[in-house]
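Comments concern the structure below.
The values are calculated or read from the model by the stated rules, or taken from the named source; none is laboratory data. Nothing here was measured: the structure is a model prediction, and the numbers come from that model. FYI the Cβ positions are ideal-geometry reconstructions off the backbone, even for glycines, and counts take in every protein chain you see. Accessible surface areas use protein heavy atoms only, side chains included; no ligands, DNA or RNA. Shrake-Rupley method; radii C 1.70, N 1.55, O 1.52, S 1.80 Å.
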Amino acid sequence: MSIAALGTVTVTLTVLGASLWSVYRINEFAQQQPQTFNEIDVFLRPDLNRDNATDVESRLAKLPDVLSVHLIPREQAWKDLTAQDPTLTVAMPDDPLPDAFHIDTADARNVQRLAVLIKDRTLYPEVERVTDAGSEVRIMLAFARLVKVIGGSAAAGLFVATLFIVYNTIRLTVFARRREIRIMQLVGATPWFIRLPLLLEGLFHGVAGAGIAGFIILLFARQLTLFVNQIHSPLIGDVPSQATPLKMMASLVVTGAFVGLTGSFLSIRRYLRQI
Amino acid sequence: MIETMIEIKGASLEYEGGVAALKNVDLCVESGEFVFIVGPTGAGKSTLLKLLYRGEKATSGTVRVAGSDLSSIHPRDIPQFRRRLGIVFQDYGLLPSKTVWENIAFAPRVTGATRSETRRRVHDALEMVGMTHRPDAFPAQISGGEQQRVAIARALVNEPPMLIADEPTGNLDPDTSLGIVQLLNYINSRGTTVIVATHDAPIVDSLQRRVVAVVAGEVVRDDAQGNYRVETAVVEEPLTCV
């Protein structure tokens, strides 16, 4: 029974840990994406002068989450465009480009909210157009949110399932040892003398299951990281290296210990009385 | 030294649903006495014994055993109280995976005795019940009578002032039963109060000791020196504490 229970606890803790690990890693991944996801470009109306631009710059700099606002004068933009593709600018008689700002934000998740705010004509009548990283970052963040919700729900469900498995295992142990426990009660063993081995059994199931589960997750995550890093895409940067396997393992073991102790405690509380 | 080992006054026990297991029981047992609790199956003998080791709590009346008031004892004090009792059951209650020696040592071990103390006590208990020749045998390797001797040794190993035995000869043949009751008599002669619930008439008759008869949850007879016989009427004056 013990091996079967340990196996079941290991499987559920593996899925539980993997869910939490995925949420954590996707969050980490979203945080560490290329800076373009954190950037907003703001284009002013062409009829505005430099003083107007400076005024807008100071207002933009005061917005929350804005790290820096960099003015790109129309002359500079024209020069850059000409350097980039001279054939494109040769037919144009004059510089048609407006002054623009390049904004760096603190968090990619707030880019869209900021862009909407700057697009508001009542607040920024000087602004003609705003561009941000757009749908790519939104898809990625939506995916991250989905994983969080699904992973979080799965983790909560699995947490309860693991608790129930330990609870049931200890219940079976109590029944298997009921004769021994009855004798202990009759010869005057203290309740803690009787409970302690059962609590330790629950703790063992939780910790050992978590340890094995952590090892499995680390192994799998390592392979997955190696695979993802082989994909060269301008959209994603390198998947961050697993800087915190020890932290993850420790969290899982603590969770396992908590589940083991709680499950066995609840079981003991209920079933020892029935002996 | 406790003068009065058991003092029960007006104790009743009613289970949920209104089933009365014991009705207004009065009983006084002095230290060092040997008492048979007799009566037909279902009369309430075992329930009366459960009151004595706080396996059950009286719904009314008072129960004092070995100096403890069991009507008001706190659950956390029950283990300490039980260390002053030895309890023997009809089914022996031995652990099949442990040897004779380990079964007896189980009691001092769980109550925190040292190894040397445990060794001494187990040796003395084995000697008292005449089982020194099979300390390494498992329960399945010895006879029913020997298993009951081991159970008695385990009950005595913590040197309690009182031994409670619930149908100790229920699974044994007449000769072996007699051997067990003689052992209990010997234990009593060394100063231990012995309370035996039984419906085994020959062993009761053989000893001619105090007999308390229980019928339908009531004490119907309390003879200082009596025989086993099934009563149908309540006696006028049961022996109570002064």
Dimensionless Rg/Rh of the range A:185-226, both radii on Cα and Rh by Kirkwood, sits at 1.43
Only helices counted: for chain B, with every DSSP H run of 4 or more residues adding -39500 (n - 2.57) and the sum spread over all residues, [θ] at 222 nm is -9500 deg cm²/dmol
Straight-line reach check, B:K45, cutoff 20 Å on alpha carbons, 8 or more apart in-chain or any other chain, hits among lysines -> B:K9, B:K23, B:K57
The relative contact order of the range A:37-134, taking Cα pairs under 8 Å that sit 6 or more residues apart, comes to a percentage of 49 percent
Along the range A:195-205, Karplus-curve 3J(HN,Hα) (6.51, -1.76, 1.60; θ = phi - 60°) to the nearest Hz, with x for Gly and Pro, reads 6, 3, x, 5, 5, 5, 5, x, 4, 4, 4
In this structure, among A:K62/A:K119; A:K119/A:K148; A:K62/A:K148, pairs with alpha-carbon gaps over 21 Å are A:K119/A:K148; A:K62/A:K148
Measuring from its Cα centre, the protein assembly as shown shows a charge dipole (+1 at each Lys and Arg Cβ, -1 at each Asp and Glu Cβ) which, in debye to the nearest 20, is 1220 debye
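Compute the relative contact order of chain B as a whole-number percentage, counting only Cα pairs closer than 8 Å that sit 6 or more residues apart in sequence.
Details: 489 pairs, mean separation 65.1, N = 242.
Computed value for chain B: 27 percent relative contact order.
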Stokes-Einstein, Kirkwood over Cα pairs, chain A, 37 °C, 0.692 mPa s; D in µm²/s equals 140 µm²/s
Listed by chain and number, the aspartates and glutamates with an alpha carbon less than 14 angstrom from that of B:K98, same-chain partners under 8 positions apart left out, are A:E180, B:D136
Counting only protein heavy atoms and rolling a 1.4 Å probe, one gets per residue an accessible area for the protein assembly as shown in Å² of 50 Å²
Of the range B:81-106, those with amide N under 18 Å from the point 7 Å along the Cα→Cβ vector of B:R120 are B:105-106
Using the Kirkwood formula on alpha carbons, the hydrodynamic radius of the range A:37-134 in angstrom works out to 14.0 Å
Under a Gaussian network model of chain A whose springs join Cα atoms within less than 10 Å, the largest fluctuation of A:T14, A:T105, A:T122 belongs to A:T122
In deg cm²/dmol, rounded to the nearest 500, the helical mean residue ellipticity at 222 nm of chain A, built from -39500 (n - 2.57) for every DSSP H run of length 4 or more, is -23500 deg cm²/dmol
Out of A:I217, A:L186, A:A155 - ranked by how far each Cα lies towards the positive end of the dipole of the protein assembly as shown, with unit charges on the beta-carbon of charged residues - the top one is A:L186
Over all directions, the range B:98-154 yields a Cα convex hull whose mean projected area in nm² is 3.4 nm²
A student asked for the Cα radius of gyration and Dmax of the protein assembly as shown in angstrom ought to give 40.7, 134
Rounded to a whole number, the Stokes-Einstein D of chain B in µm²/s (Kirkwood radius over Cα pairs; 20 °C; 1.002 mPa s) is 118 µm²/s
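Can you pull the mean other chain C-beta count within 10 Å for peptide B:103-111? Working shown, then result.
Working: counts 1, 0, 0, 5, 6, 1, 4, 10, 6.
Mean partner-chain Cβ count within 10 Å for B:103-111: 4.
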Once the in-chain neighbours fewer than 8 apart are removed, the aspartates and glutamates whose Cα is under 20 Å from A:K79 read A:D41, A:D47, A:D94, A:D95, A:D99
The farthest towards the positive end of the charge dipole of chain A, of the residues A:A208, A:L141, A:W21, given +1 on Cβ of Lys and Arg and -1 on Cβ of Asp and Glu, is A:A208
